[in-house]
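The values are calculated or read from the model by the stated rules, or taken from the named source; none is laboratory data. Owing to the predicted nature of the structure, the values given are computational and were not obtained by experimental measurement. Glycine also receives a Cβ, built like all others from the backbone with ideal geometry; neighbour counts cover every protein chain displayed. Quick note on the areas: whole protein, heavy atoms, side chains included, nothing else; ligands and nucleic acids left out. Shrake-Rupley method; radii C 1.70, N 1.55, O 1.52, S 1.80 Å.
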Amino acid sequence: MRVLYLLNVSNSSQLSADSGYTFADLLAPALTDAGAEVTVASPVPVGDPRVHFAPTISPSTKYRARFDAGMDALVSLVRERQPEVVVANQIEAAPAIRAALLEAGVDALIAGYCHYLPFSFTDTEVLELDPAMDDRGLGPSVLLAFASGLAACDRVLVHSSTAASWTTAAASRTGVNLGDKLHIVPAPRDVRLVRDPDGITPPEGRATGIYNHRLYAHYGTARFTQLARRLVADAPVRLTVMDLFGARSPERIRLDPSPERHLEELATTDGVTIASDRGDRIRYRNLLADAHFGIAPFRPGCPWSMSVIDCQAMGLPVIGPRTGWLAEHIDNELLFDTDEQAVKIAERLATEPEFYLLHAKRAFASTADLTPAAVAARYLEALR
């Protein structure tokens with residue numbers, strides 16, 4: 001099977017902060033091991049030299065990635081590579097991919113992977129647009145472009161049951177019938193971030209929590225900051241907050257200055273340490289190994305989080321709000337609705353060794369089926 005994997009890299013200068021790139025870097029070699037011939041079309045190659053590379057230009061903004069598919073380049077790429085399957089990691093690009101295949105005279109299946117949903121649903125089934133995709137009222141247009149992409153795909157892949165439910169509901173409301181196109185294929189865990197929980201020592205009365213998510217406002221960073229102050233003040237806890245971006249370009253700051261604002265606020269909070277892995281996966285592993293538990297993001301439309309999986313694969317219990325995929329995936333004893341509940345859970349993790357070790361093992365076990373080989377097998381099965 002010849003697979004053309006179209007990858008939009010939004011942070012080429014900070015690849016460790018780009019979950020889509022990490023996904024491809026883990027999955028493409030596993031697909032190759034399973035017998036597929038994979039070409040990744042991307043601004044940067046993946047690490048395995050067996051995976052073919054077709055250089056592309058990264059869109060300068062998140063909206064260009066959705067509305068400027070670059071038809072001329074697409075047609076040339078399809079003619080050159082003659083794929084049997086084209087993977088669209090930007091769902092909105094699927095109609096342009098279909099048109100490019102027609103123009104190139106190539107009959108290939110289009111598989112769209114929903115890494116990101118520009119919407120979510122409340123408990124009362126109200127559709128809410130993601131504010132990150134709604135600058136100056138662009139949200140409805142992004143939603144319709146997403147639905148158009150779903151319609152153009154032969155296969156639609158999502159990370160979780162929550163994502164499947166939301167995607168199906170949004171498709172239905174925009175007049176798209178997914179039929180049997182939808183498949184749940186979770187993301188692979190990073191093989192470099194796996195640690196046997198049997199060797200973990202529980203905290204001795206004081207624990208370190210780690211928050212390793214993007215500090216955008218739409219990730220609920222203000223809500224996390226509120227909780228962070230409570231945790232360091234009312235629980236035997238210190239926090240490490242990851243600075244995933246470092247120095248961003250003036251263009252990105254102008255589009256959304258919230259990460260810099262939130263980082264400055266967190267940096268001046270007693271009991272909170274700002275850390276960076278500097279793009280080094282070994283340093284990132286060491287930062288996780290020095291922590292005792294992780295904290296999930298407060299993003300309402302969270303259909304999946306690679307950072308949560310990173311912590312769990314390292315045997316770190318993750319506490320999180322009872323919302324979205326988090327409520328589906330995280331152990332019920334570690335979910336909270338209020339700051340008071342979160343403080344009590346953190347206290348138990350810090351002071352009750354048996355409770356801590358139980359959840360360290362449960363966290364690790366929750367990632368057991370996420371090896372790259374297992375995920376690649378599910379991926380290829382969905383493409384058949």
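Counting heavy atoms of the protein chains only and a 1.4 Å probe, report the per residue accessible area for the chain as a whole number of Å².
On the way: 16040 Å² over 384 residues.
Accessible area per residue, the chain: 42 Å².
What size of dipole, in debye to the nearest 20, comes out for the stretch 258-384 about its Cα centre when the only charges are +1 on Lys and Arg C-beta atoms and -1 on Asp and Glu C-beta atoms?
Details: 13 positive and 19 negative charges, 117 e Å.
Dipole size: approximately 560 debye.
Between the alpha-carbon centers of the stretch 284-352 and the stretch 71-111, tell me the distance in whole angstrom.
Rounded to whole Å, the Cα centres lie 39 Å apart.
Charges at C-beta only: +1 for Lys and Arg, -1 for Asp and Glu. How large is the resulting dipole of the stretch 209-292 about its Cα centre, in Debye rounded to 20?
It works out to roughly 200 debye.
Carbon and sulfur together cover what percent of the accessible area of the chain at a 1.4 Å probe radius?
After summing per-atom areas, the C and S share lands at 50 percent.
With everything on Cα atoms, drop me the angle between helix 19-33 and the longest principal axis of the chain, reported from 0 to 90° to the nearest 10.
Roughly 60 degrees, rounded to the nearest 10.
I'd like the distance separating the alpha-carbon centroids of the stretch 112-145 and the stretch 12-57, in whole Å.
27 Å
What distance in nm separates the simple spin-label points at Asp290 and Ser249, each placed 7 Å from Cα in the Cβ direction?
3.1 nm
Quickly estimate the mean residue ellipticity at 222 nm for the chain, helices only: each DSSP H run with n ≥ 4 gives -39500 (n - 2.57), and the total goes over all residues, rounded to 500.
Value at 222 nm, helices only: -12500 deg cm²/dmol.
What number, in percent, do you get for the relative contact order of the chain if the mean sequence gap of Cα pairs under 8 Å and at least 6 apart is divided by its residue count?
After rounding, I find 17 percent.
Between Glu347 and Ser58, with labels modelled 7 Å along Cα→Cβ, what's the label distance in nm to one decimal, could you check?
That separation, rounded to one decimal, is 4.5 nm.
Evaluate the charge dipole of the chain about its Cα centre and quote only its size in Debye, nearest 20, assuming +1 on the Cβ of each Lys and Arg and -1 on the Cβ of each Asp and Glu.
The calculated dipole for the chain is roughly 460 debye.
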